[in-house]
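Below you'll find the structure, written out as structure tokens, and then a few comments.
Derivation of every value follows stated rules applied to the coordinates shown; laboratory data play no part. These numbers come from a predicted model, not from an experiment. Positions of Cβ are generated from backbone atoms using ideal geometry, with glycine treated the same way; all protein chains shown enter the neighbour counts.
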Amino acid sequence: MDFIRTTSMEHTLSVLEAYGSAATLLAGGTDVFAQLPRGELTPGVLVHIMPVPGLSSVVLEGGAISIGALASHRRIAVDGALGGFGSLRQAAAQIGGWQTQAVGTIGGNVCNASPAADLLPPLLIHDARVALVSASRGERSLPVSDFVKGRHATAREADELVTSFLLEPPGTHTADIYLKVGRRSAMEVAILGLALRLTLDDRGRVAQARVATCAASPCPMRITAVEEILQGEELSADLIAEAGQSLRSSLSPIDDVRGSAAYRLAVAPRLLARAIEQTKVQIMLANSG
Amino acid sequence: MTNIGSDLPRADGWDKVAGKSQYTVDYSESGMLHGCVLRSPVVCGRIVRVDVEAARSMPGVRAVVTATNVGNGRAGMLVRDQTLFADREIRHHGEAIAAVAADTLAQARAARDAIELEAESLPALTTMAQALASDAPLVHPDWESYALNPMAAELRRQGNVAGELIADPDGVDEAFERAHLVVEDEFCVDRQYQAYLEPMSAVARFTDGRCIVRTGSQFPYNIREELAAYLDVRLSDVRVIGQTVGGGFGAKLGCGTEGYAAVLSRAVGGRSVRVVKTRDEDIVTAPVRENAELRIRTALDAEGNMTAREFSCDMDCGAYGLETPTFPSILFHFAAGIYRIGPVRVHARAVYTNTPPTGAFRGVNGPAVYFAVERHMDNIARRLNEDPMAFRARHMLRDGDTLLNGQALADAHIAREACEAVQKSLPAVGARQSGDRLRGVGSATGFWVTNPLPGSVTITVGEDGRLHVLTGANDNGSGAVAMGLTQIVAEAMGVSTGEVIVGLPDTDLSGYDSGSQGSRTTHIVGKAALIAIDDLKTRIFDVARQMLPPGANELELVGGMVRAVGIGDAQVPLAAVFQMANFSNVSLSGSGTYATTPPAFTPGCAVGLTMPSLLTPTYHAHRAEVEVDSVTGNVRLLRYVVAQEVGRAINPDGIMGQIQGGIAQGIGFTLTENLRLVDGRYLERSLEAYRLPLAQDLPRVEVVLLEHPDSEGPFGAKGVAEPPLVFAPAAIANAVSDAVGKPFYKLPITPEDVLFALDT
């Protein structure tokens, strides 16, 4: 296995063009260095892209937020520019431990496309887009929901580099949240993760709801059935119960070493109810202030 | 008195924090080779063929050994039922098949992977129920031929039962017939991994025909005994030199890697070989805490007095016995808890299965027994509609009451004192429910024991007056040597702790020691040191009298000086006393050996009883407040209060550390640590899957130390290290049961268990 350290975008793209699928990109290494010894990755060359400049910033671009693919989880958790994306910051702050957060990147978390990827539910509820570039075909972007194709599978071509994630700021009367279920208070791969973005109208009815989960299906996904139940309705106990039932039937969790499918299904409606309650309080507090 | 009861920094603390301590993995010798072990992927089977030819011819490979090259020496803590490598039978997943030594670790591993193992899988006994079935095959068909160590003389064995205890006093059936109420509970606990920081490791070489092994073992003298048995050499032809121990918690009492390093070194003509387990290998092969099933029935009369009890327990030895066959005897002593109960019938068995062996883990067997006994007490109190602590107080043993072995418990009132202390600190819970979170409080109380086995110390005055302490005791990380022994010696010799140098154990040089186990080191080795100092002081004073003015009869040691009491300021430094002694044919060295004298007990109180009495008891009460998240089923400790009787606190800070650490392991055993067997293999085989509690998961433990100096212990000290873990599972499980309003009978209590209990 060879090791190449790239120091510029051009350098990286030319290496990717040369090696194609034999290359594995290495950023913070939090997934790569777990998968290499288990034999889950057998790259011909490891391409270390951490030194590439300009890929770790969080910037406003014409009203939208652009997060560089090499932005660390810690950076995302604390960057003031991401104030409107509480769920993303909460998810980043709950990945692994502090050491993992210091080196792990958003690009790595998304491109690894783990069923339990913490950052994906928040990116999905914010309709984030992912930007890619290749030496031969130039730039393109697509929604994260199209980018993640399945368990550890993405739409990234072998010669492409993910450069950034674009998020449109949410409107008013909106709050978002990410809730993670784990056995411990840190260092956990999610047993279940749920992100909710809720917008209420003047009369307290649901103007828009977006729900996404991780660790309960082959890859993180939006739960549109639940969104449709909530849409336009008043947040009564009956409605929340109905949404919870819908969420249960939308998920296809498995039994694994972390938790059983039955447990995940038992937690999911409760977690949704907690998320609704907490975002509702956030919106009310914002309005009263 | 400045050294006793003081929070002095530990002698080895700075180097450990700064990463300077030399553990076995940091230690190397010139020309050292690297070894690794091929382990069985099969749970139970018969070896058809082990082909090592390809491996032998690989680059850098110096030796490949299997059962056929190393002989069939058997060793074991109690029953010598274990060989270094599986010979024909494979009895558990992870059993050693072969070992390789090569110039580099990568070469050794490549060669190991090239060994061809052909094994025929056989039906495995992966549960105790399977192993106890009347038609079950025997895990050890030759069990009757195995040699027993002296400690195992009373062991009762039969087929797959590696150790059985039966106590059947008169009057049990009659009491149950007359009972007003019978309360019956069944409990089970799963396995727990010791999870020390330093995976098992050893470096071995042969010099002048003798085997020299360096290892961070808790019990170097036992390593020597086991190695001599495996290698089939005289005991004294093995020399074990202690290294800094990176934690052990009981797992490093017997051979882990030492035997493989030794046979590989012998195979390569004596060159040094280092063997270090990987973490995943360590998890699969560590002598983890045993899984157990426990059943308790208690008969009560119309006044709510407990008139009799039946207690039965099966515990899983795994494929080899290690320490586990003696655990039924430990269970016997605690089967009644610390309560007045009529006659107690006990039937406890340690059972061989085709699973990785279990063994000693801090508080051996205690966490499971007290979990059952103290959960059962809560259940009885609930049935009687009594407050659990009031019920306990009403039935607690009183001073002079006897235990199940007939031994009198002189200080039983201290447990009552401990219970009062934790209740005062943590009164009943206020609001039981706040939003979607539930709160509860639970307690546990009882007594524990200080291991009585012998230890020895030699103390020598050096040329500059400093004190060199030679002992076979190794500090397993608890501070028992670095704080306990060091402070005891300093105090008795009238010097500061900086004047006391304690070396690492070396079986060629130091006297015998029974290992850092059973909370014994401070108590036993500290006492041996005081005996040594009595001897040494006589010699020092005899020489010093010649150097002091006439009339200096009564002497004392103060600040590194020998001082004449009552004669002005006449004194002479220890260094000068050494010089005088050196030319007066006097050795300024003193030695002491100590083991606790067993108290009287009733012979015949049980059969199969390997430990007839309980020595140097200590008394404890724990009280926990928990918060249960009804959305996730997660349990968080809000407060944790401990009242622990310690005899005399030599270093209170050190004891606080032991208590905080023990509670952390108790929280793990009760809530987060799953080590599940599925068809004979662990499901959790890495520290990612095996969830140790994290710093954020731990409460700030509040401690009340109760001091009732022991007449025999050094400055009154008793054992302190194990009990924090022994009582934590019961207290936490009682608190969770209280919060949820449903009883929990199984450890660990997972979020799934909690959620499903809330739903039903």
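Data for the structure
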{"item": "Between 0 and 90°, nearest 10: helix A:9-19 axis offset from chain A longest Cα axis", "result": "70 degrees"}
{"item": "Amide H within-cut-off set for B:ASN474, under 5 Å, with H built and near neighbours excluded", "result": "B:SER516"}
{"item": "Proximal lysines to B:LYS252, defined as alpha-carbon separation beneath 17 angstrom and excluding residues fewer than eight positions away on the same chain", "result": "B:LYS277"}
{"item": "Dipole magnitude of the protein assembly as shown about its Cα centre (Cβ charges: Lys, Arg +1; Asp, Glu -1), debye to nearest 20", "result": "860 debye"}
{"item": "Under 29 Å from A:LYS180, Cα to Cα: lysines that are on another chain or at least 8 residues apart", "result": "A:LYS149, A:LYS280, B:LYS742, B:LYS746"}
{"item": "With Cα atoms, 0 to 90° folded angle of helix A:261-288 axis to chain A main axis", "result": "70 degrees"}
{"item": "Fully extended contour minus Cα-Cα distance, from A:ARG137 to A:SER249, at 0.36 nm per residue", "result": "36.2 nm"}
{"item": "Charge tally in the Cβ shell below 14 Å around A:LEU124, where Lys, Arg are +1 and Asp, Glu are -1, A:LEU124 excluded", "result": "-1"}
{"item": "Chain B: DSSP helices with Cα axial extent of at least 24 Å and average Kyte-Doolittle hydropathy no lower than 0.5", "result": "B:723-740"}
{"item": "Simple label model, 7 Å out from Cα along Cβ direction - A:SER8 to A:GLN282, nm", "result": "4.2 nm"}
{"item": "FRET efficiency, B:ASP387 to A:GLU234 (Cβ-Cβ, R0 51 Å, nearest 0.05)", "result": "0.65"}
{"item": "The stretch B:1-59: trypsin sites (Lys or Arg not before Pro) in DSSP coil with no more than 13 other Cβ atoms inside 10 Å", "result": "B:LYS20"}
{"item": "Under the Karplus curve 6.51 cos²θ - 1.76 cosθ + 1.60, θ = phi - 60°, whole-Hz ³J(HN,Hα) for the stretch B:604-612, x wherever Gly or Pro sits", "result": "x, 5, 7, 9, x, 8, 7, 10, x"}
{"item": "Among B:547-553, A:269-275, B:514-520, the order from most to least packed when residues are scored by Cβ within 10 Å on average", "result": "B:514-520, A:269-275, B:547-553"}
{"item": "Extension gain (nm, one decimal) between B:VAL607 and B:GLU556, 0.36 nm per residue minus Cα-Cα", "result": "13.2 nm"}
{"item": "Nearest 10 degrees, 0 to 90: helix A:237-250 Cα axis against chain A principal axis", "result": "30 degrees"}
{"item": "Pair B:LEU683, B:LYS20: separation of 7 Å Cα→Cβ label points (nm)", "result": "4.6 nm"}
{"item": "Added length on full extension, which subtracts the Cα-Cα distance from 0.36 nm per residue, B:GLU118 to B:SER145", "result": "6.9 nm"}
{"item": "The stretch A:60-88 and the stretch B:393-412: distance between their alpha carbon centers, rounded to Å", "result": "65 Å"}
{"item": "Gyration tensor (alpha-carbon) shape descriptor, the stretch A:82-189, a/c threshold 1.5", "result": "oblate"}
